[in-house]
1. Please state the relative contact order of segment 261-330 as a whole percent: Cα pairs under 8 Å, 6+ residues apart?
2. Let's test this: bin the Cα-Cα distances of segment 239-327 at 5 Å from zero up to the farthest pair and state each bin's percent.
3. With a cut-off of at most 10 other beta carbons within 10 Å, and DSSP calling the residue loop, which trypsin sites (Lys or Arg not before Pro) in segment 250-330 qualify? Please list them.
4. Once both labels are modelled 7 Å past Cα along the beta-carbon direction, what's the TYR199-LYS112 spacing in nm?
5. Under the 0.36 nm per residue contour assumption, what length would be gained going from the current alpha-carbon distance of GLU152 and SER309 to full extension?
6. Students often get this wrong, so check it: of LYS105/LYS193; LYS112/LYS193; LYS191/LYS307; LYS147/LYS217; LYS307/LYS328, which have C-alpha atoms separated by over 29 Å?
7. Mind listing which trypsin sites (Lys or Arg not before Pro) in segment 198-232 are in a DSSP loop and have 13 or fewer other Cβ atoms within 10 Å?
8. Would you please name the trypsin sites (Lys or Arg not before Pro) within segment 104-186 that are DSSP coil residues with at most 10 other C-beta atoms within 10 Å of their C-beta?
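Any read-out appearing in this document is the output of simple, stated calculations on the displayed coordinates, not a laboratory observation. Bear in mind that the values here come from a model prediction, so they are computed numbers and not experimental data. Virtual Cβ from ideal backbone geometry, glycine too; neighbours counted across all protein chains shown.
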Amino acid sequence: MEIGAIIKKWQPEIKAFFSTFPWKNVFAFLFFLMLAFIFWLMLFFQKENVDGNYRIPLKYTHIPDDIVFDNPLPDYIEVSVADNGAQIFRLDLKKRDSLEINVTKIIEDGNKVLQGDQYRQLIINQLFTSTTLRGYYPMNISLANSKLQSKELLVTFDGEITTSRANLVADSATFIPDRVMAYGSKESLNKLKSALTEYTVFKNLRATSQLPVRINKVEGVKFIPDEVDIYIPIEEYTERTIEVPIIAKHMPGRLDVKFFPSRANVTFSVTLEEYKKIAPEDFAIELDYRKFHTNEDGRVELELTQKPSSVINARISPSSVEFLFENKTE
């Protein structure tokens, strides 16, 4: 049965139900319920010594880079307070900020445990002036720590970089900054030769990019900073092919050599800016007689012995040629 037919069938019954529903009684009930809630709030606000329990998050600041805490630090404290109902209600609605603990200040004062009046005052500062602090947990926070040794390390990339079809990585990727400080025990630092990044994949880059990358975590070692930027120079490349003659060097005076074919195609990638600057004379394929004259199959592998520094991905076709020696005529 279609939905339209079902609605049409039940429409008279639904209208009949709502036409006979005692709406006046429902509205009267809701009205008195709202009045009761308002009276309850008024009584609650006027009530003295209302208890409340709250969880306050902790935020540790100014932590020296060359220390590590001997014990885990708590993320929050549980506090028990008392105040009149209105203030307790305000505490319930108020967005409580983190309780900030200045680690450097406490350590410099010669304390390794946050406790007593200093700890209590930090908590009270988070409350209203009329609020009474009845208790809190944990009762103290241990800031005992150990000094770490330090070592400066070069950043090394671990990952993959790919570009879109018409682009290539123009030069080596660099880091900003290119060095980080590692803090840890002497044994841990001796094992580190560089600061390796997390394995990261950058795909289909189309332009020069500067991207964030995190330093890979090492147990017992802290890196400062723990995130650097990787600078990847990307340029638009085009492909070009030129013909280069095959030349033999160190030939005996009495011999001559012929290659079949005598020229090879060199295909390479170059930036659009450098494209017009490239000439066939910038390339050379020179074969050393002393290395190939004993080849029994009469073939020699080609090798590009000269090319411009701006050229990348140079390929020779064919990769090998046949050769034939001839005696020079007088």
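1. The normalised contact order for segment 261-330 reaches 44 percent.
2. Reading the bins upward from 0: 3, 13, 26, 20, 15, 11, 7, 4, 1, 0.
3. Loop-located and lightly packed - ARG254, LYS276, LYS328.
4. 4.1
5. 53.2 nm
6. In this structure, LYS105/LYS193; LYS112/LYS193; LYS191/LYS307; LYS307/LYS328 lie more than 29 Å apart at Cα.
7. In loop regions of segment 198-232 (DSSP not H, G, I, E or B), the sparsely surrounded trypsin sites (Lys or Arg not before Pro) are ARG206, LYS217.
8. In loop regions of segment 104-186 (DSSP not H, G, I, E or B), the sparsely surrounded trypsin sites (Lys or Arg not before Pro) are ARG165.
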